Amino acid sequence: MPPVRRIRQGWALTGKSWGLLRENRELFRFPVYAGLAVLVVAAITILPGLYLIDAGGETAIGVALTAVGIYLAAFVGIYFGVGLAATADAIFRGESATVGDGLAVARSRAGAVAGWAAVSTIVGTALAALQNVRGAGPLVAGLLGTAWSLVTYLAVPVIALEVHAR
């Protein structure tokens, strides 16, 4: 399937997903589970990492721990997003689908989720660094950040739909 067609399908699925969320309250478990998991990741990795950076004595360990935490938080968010998109797609196709079914799809796409989380973490870090550049840095970072947000928003349904293309 051509990339443009995949993106178009992903965009259409995303729009339909919001309506489906309103109709199927059980699907709200995806963002709730994602939020709770990200809080756990932050408590275990990001907060201690930031503490070590702030304390000054273990800056390298703090930076590494924070970077791992940011990556894991991205992975968790994308993972549950893929599960939600896959469940929504199944329901749209007239199939019965549960949260467990969506998570099974996310598990089957763990490699793609991991890859996209890595790209997302790297791009997010680069944009944050660009934000601190004097002059046009904040403006450029804002424009690129907006474009990146759209790409990321569309990527999650595409990752989920890849399962059905096989």
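The values are calculated or read from the model by the stated rules, or taken from the named source; none is laboratory data. Nothing here was measured: the structure is a model prediction, and the numbers come from that model. Note that we place each Cβ from the backbone using ideal geometry, even for glycine, and neighbour counts take in every protein chain shown. Side chains included, ligands, DNA and RNA excluded: accessible areas come from the protein's heavy atoms. Shrake-Rupley method; radii C 1.70, N 1.55, O 1.52, S 1.80 Å.
Computed quantities for the displayed model
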{"item": "Contour excess over end-to-end distance, with Cα ends at Leu21 and Ile122 and 0.36 nm allotted per residue", "result": "33.3 nm"}
{"item": "Protein accessible area in the chain, 1.4 Å probe - carbon and sulfur %", "result": "69 percent"}
{"item": "Calculated from backbone phi, Karplus (6.51, -1.76, 1.60) coupling profile of the range 60-66 in Hz, x at Gly/Pro", "result": "4, 5, x, 5, 4, 5, 5"}
{"item": "Taking the convex hull of Cα positions in the range 1-125, its mean projected area over all directions (nm²)", "result": "8.7 nm²"}
{"item": "Accessible surface, per residue, of the range 2-141 when the full set of protein chains is kept, probe 1.4 Å, Å²", "result": "57 Å²"}
{"item": "Integer Hz, Karplus 6.51/-1.76/1.60 couplings in order for the range 146-162, x for Gly and Pro", "result": "5, 4, 5, 4, 5, 4, 5, 4, 7, 5, 4, x, 5, 4, 5, 6, 4"}
{"item": "Cut-off under 5 Å, modelled amide H: who pairs with Arg109 long-range", "result": "none"}
{"item": "Whole-number percent relative contact order across the range 64-166, with pairs defined as alpha carbons under 8 Å at least 6 apart", "result": "33 percent"}
{"item": "Contact order relative to length of the range 1-144, as percent, for alpha carbon pairs under 8 angstrom and 6 or more apart", "result": "19 percent"}
{"item": "Principal-axis tilt of helix 99-108 within the chain, Cα atoms, nearest 10 degrees", "result": "60 degrees"}
{"item": "Among Leu50, Leu143, Gly77 the positive-end extreme of the charge dipole of the range 41-166 (Cβ point charges)", "result": "Leu143"}
{"item": "Extension reserve of the Leu144-Arg5 stretch, reckoned as 0.36 nm per residue once the Cα distance is removed", "result": "47.7 nm"}
